[in-house]
2 protein chains.
Amino acid sequence: MASSFQPYQASMLALGQAPSVIRETFEYGNRRAAEIGRENVFDFSLGNPSVPAPASVDDSICRLIGDTDSVLLHGYTSAVGAEPTRSAIAADINKRFAAGISASDIYMTCGAAASLTVTLHAVLCPGDTCMTFAPFFPEYRVFVEAANASLTVVPADLDSFQMNLDAFAQLITPQTKAVIINTPNNPTGVVYTEENLRRFCDILRAKEQEFGHPIYLIADEPYRELVYDAETVVPYLPNLYDNTFVCYSYSKSLSLPGERIGYIVVSPKMQDARLVYAAVCGSGRALGFVCAPSLMQRVVAENLGKTADLSVYQRNRDMLYQALTEYGYRCIYPDGAFYLWVQALEADANAFCMKAREFELLLVPSDSFGCEGFIRIAYCVTTEMIERSLPAFKKLAEAYGK
Amino acid sequence: MASSFQPYQASMLALGQAPSVIRETFEYGNRRAAEIGRENVFDFSLGNPSVPAPASVDDSICRLIGDTDSVLLHGYTSAVGAEPTRSAIAADINKRFAAGISASDIYMTCGAAASLTVTLHAVLCPGDTCMTFAPFFPEYRVFVEAANASLTVVPADLDSFQMNLDAFAQLITPQTKAVIINTPNNPTGVVYTEENLRRFCDILRAKEQEFGHPIYLIADEPYRELVYDAETVVPYLPNLYDNTFVCYSYSKSLSLPGERIGYIVVSPKMQDARLVYAAVCGSGRALGFVCAPSLMQRVVAENLGKTADLSVYQRNRDMLYQALTEYGYRCIYPDGAFYLWVQALEADANAFCMKAREFELLLVPSDSFGCEGFIRIAYCVTTEMIERSLPAFKKLAEAYGK
């Protein structure tokens, strides 16, 4: 074989073979469950919704099957998404946030990951940098690098886990074309405060002036509906900053992660908004998306404003946060999402997670999220499993002298 | 603004703004229908299935909604697809083609376009060339170029519209890493003969020897089930050539184009098959696919071997082919798909299509398929519309002195 010939894309092979610590933990849990029984393993590894989709979603599916012409129901929609769906979503956004969004600002996608890859391929050019704030969803790096750009990670604010804006202001460069933020946050569950966000947008605007070009804010918002306290506000980013994309998914709010349905909002206030929207269309086409799943486009349009029963997550959060704090763990209070972020009881979070396995607790170490010394607990599990796991958390703390 | 700064990917903008002649023709048809009535416009532009999904598909959907746990039904599957679905598909393939495929050779996708982009990104490296045979589905160029490679088009065999293998053997180079073929073919409806395919595979094997590296055959097969004569055989490519990918979709066979469900087969006989499969997984991850739609994964597994009522297409084909041949058109006999490929009655197919519009016939000129002087008639329309359109085809022929 010619020495320069590569039979496959080396970077894709590496991604395909990369051991994800989350997936490895989950698979360890399955092996362990086979050994000692599922009920004796406390698997907190995966961010997979544990509550059913609202009954109205399943009702919509069956009703649409019954009363809609099959060729229309299962047929291609426009590449940007069916107009009635986009209009309904725009109206819902405007009702909630008075954001002035219209159907033509919305591009329907196959879920949050697609929202991000389509957006990133639309705007990033070779040599560009995209930034994000630690701790962050590890796929951001995969998606940015696949778009031939590089990711710059802003170190975490280890006290508040709000965006570390001093570090951000120091790290941003003229090569920075976009910044991905995620609030409510995976993995911390933190909701960025309006003050933190406003200061962030002020810095972005100042840097746009200084560099003489737009810097796109990409708001990754699959957890927007998952907030638990009445006073928690998740500001709508297009209202704070003009050059904003909102990448949304119904995976968590409607418990439909496998159905791959979401959207991108290209803020109409964005510089060259219509050209950027056209680039989004080109990007979706080039990546092979064609259109978002057609039946689900109709289903979500009929279920705007509805959510799965999120009270389970709130109950889980309250129980875990209270108990673990009482046992001596330092927990970051999660306003949203379904993750609890806890300081490991030794400096090496990986070693701590291995220790936790002795008590059948499957936790994800923070290193893969770009931050050391913490663990992520995905509490999208049954409340009953959490109750049964509490003695194990107590013993784990005691093993560290708590 | 800094002069070197690009606010968006120029290539994506170009794609998003590119006027597709198919789409433009379709939209002209809509405007014309508003002017003179839908029943007076004969729109043959779009390859959108016109027959409903089989009743068993809708039955499966409603039954699954009723009897399956929502969290499992709508939840993430494994990135490669649910194991039961992949096993069922492998068993069905082996039953029909004795191809020795197993579940671990199959990667579920969001439809044919995704099957192609995921495959191309898995194997193509910058500097590589991918080849295809004119006339060809225009998105091949988009998909290949998005994977940072270049497309080489083999000129059509204007007599048979089989693969032009002499030209292929002359154009292939050591930079050729992959060849996309599409049988039954869009836009011609031609099914490549077993003889043509065997000779093609012989050339590929000889060139692999000569160049010292694998050359991948990418079989784009969304129309596999759409063949109309009992004697028409569509050979299964992994049985003829080891380094084969099969890119399949249920869009046409089950009339589910909007639902985005298909798969890739990585032939187990491929060189480094497990590594290439891992690269496919990495590619799907990098492009943001996560998993194929979960409900539809179960639905297709329950409907293997079923098809929509394809007899409508056969009736349409027979009626159109017979009438147009009688009126003096040179039609290429279509063994499959739902396209009729007809020689334009003047050298310039675009001019011919504009002339056809005077008779309210909306046809797609061949130029965008990489071949001049022909037009594509998509006969996935009602038989009744075809009947009503025949006098217009007759008048069009007469306008050219036929």
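Derivation of every value follows stated rules applied to the coordinates shown; laboratory data play no part. Every value quoted in this text rests on a predicted model; they were computed, and no experiment measured them. Don't worry about glycine lacking a Cβ; one is built from the backbone with ideal geometry, like all the others, and counts go over all protein chains shown.
Observations on the structure shown:
- Using C-alpha pairs under 8 Å with a sequence gap of at least 6, the mean separation divided by the residue count of chain B gives a relative contact order of 23 percent.
- Label reach from A:Ala33 (point 7 Å along Cα→C-beta): in region A:231-274, amide nitrogens under 20 Å belong to A:255-259.
- Whole-Hz ³J(HN,Hα) from phi, Karplus 6.51 cos²θ - 1.76 cosθ + 1.60, for region A:333-345, glycine and proline x: 5, x, 6, x, 6, 10, 10, 10, 10, 10, 6, 5, 8
- Amide proton proximity set for A:Tyr216, modelled H, under 5 Å, gap of 5+: A:Ala178, A:Val179
- Other residues within the sphere of radius under 14 Å centred on the Cβ of A:Met270, judged by their own Cβ, net out at 0 (K and R +1, D and E -1).
- 10 Å Cβ neighbours from other chains, averaged over peptide B:73-81: 6
- Think of it as helices only: each DSSP H run of n ≥ 4 in the protein assembly as shown is worth -39500 (n - 2.57), and spread over all residues that comes to -13000 deg cm²/dmol at 222 nm.
- Label point 7 Å beyond Cα along the C-beta direction, distances from A:Arg63 to other copies (nm, shortest first): 2.5
- Kirkwood Rh and Cα Rg combined as Rg over Rh, evaluated for region A:76-302: 0.94
- Among B:Thr183, A:Thr132, the order by Cβ neighbours within 10 angstrom, fewest to most, reads A:Thr132, B:Thr183.
- Phi-derived couplings, Karplus 6.51 cos²θ - 1.76 cosθ + 1.60 at θ = phi - 60°, listed residue by residue for region B:269-274: 8, 5, 4, 6, 4, 5 Hz, with x used for Gly and Pro.
- Counting only alpha carbon atoms, the long axis of helix B:21-36 and the longest principal axis of chain B meet at about 50°.
- Separation between Cα centres of region A:237-259 and region B:202-242, rounded to whole Å: 42 Å
- Burial ordering of A:Asp367, B:Asp105, B:Asp159, fewest other beta-carbon atoms within 10 Å first: B:Asp159, A:Asp367, B:Asp105
- For the peptide A:251-261, the mean number of other protein chain Cβ atoms found within 10 angstrom of a residue's Cβ is 6.
- Here the 3J(HN,Hα) profile of region A:72-82, calculated from phi with Karplus coefficients 6.51, -1.76 and 1.60 at θ = phi - 60°, is 6, 5, 9, x, 3, 9, 3, 4, 7, x, 5 Hz, Gly and Pro shown as x.
- For B:Glu398, inter-copy label distances in nm, listed shortest first [label point 7 Å out on the Cα-Cβ vector]: 9.8
- Three-way shape call for region A:332-388 based on the alpha-carbon gyration tensor, with the a/c threshold at 1.5: oblate
- The convex hull of the Cα atoms of the protein assembly as shown, projected and averaged over all directions, covers 34.0 nm².
- Our estimate of slack between B:Glu360 and B:Glu346, defined as 0.36 nm per intervening residue step minus the Cα-Cα distance, is 3.2 nm.
- Taking Cβ atoms as reference points and 13 Å as the exclusive limit, the residues near B:Ala323 contribute a net charge of +3, counting Lys and Arg as +1 and Asp and Glu as -1.
- FRET efficiency estimate (nearest 0.05) - Cβ-Cβ, B:Lys95 to A:Asp229, R0 51 angstrom: 0.35
- The mean count of C-beta atoms from other chains within 10 Å of the C-beta of residues in B:101-112, rounded to a whole number, is 2.
- Pairwise inverse Cα distances across chain B, averaged and inverted, put the Kirkwood hydrodynamic radius at 22.2 Å.
- Remark: chain A carries a charge dipole of roughly 420 debye about the Cα centre, counting +1 on each Lys and Arg Cβ and -1 on each Asp and Glu Cβ.
- Unit charges on C-beta of K, R, D, E only; dipole of the protein assembly as shown, Debye: 140 debye
- Among A:Leu295, B:Leu64, sorting on how many other beta-carbon atoms sit within 10 Å of each Cβ, with the fewest leading, yields B:Leu64, A:Leu295.
- Positive dipole terminus of chain B, leading residue within B:Leu217, B:Val299, B:Ala351 (C-beta point charges): B:Val299
- Label-point spacing at A:Pro155 relative to the other copies reads 6.4 nm, in ascending order, each point sitting 7 Å out from Cα along Cα→Cβ.
- With the simple model of a label 7 Å out from the Cα in the direction of the Cβ, A:Arg388 to B:Arg315 spans 5.9 nm.
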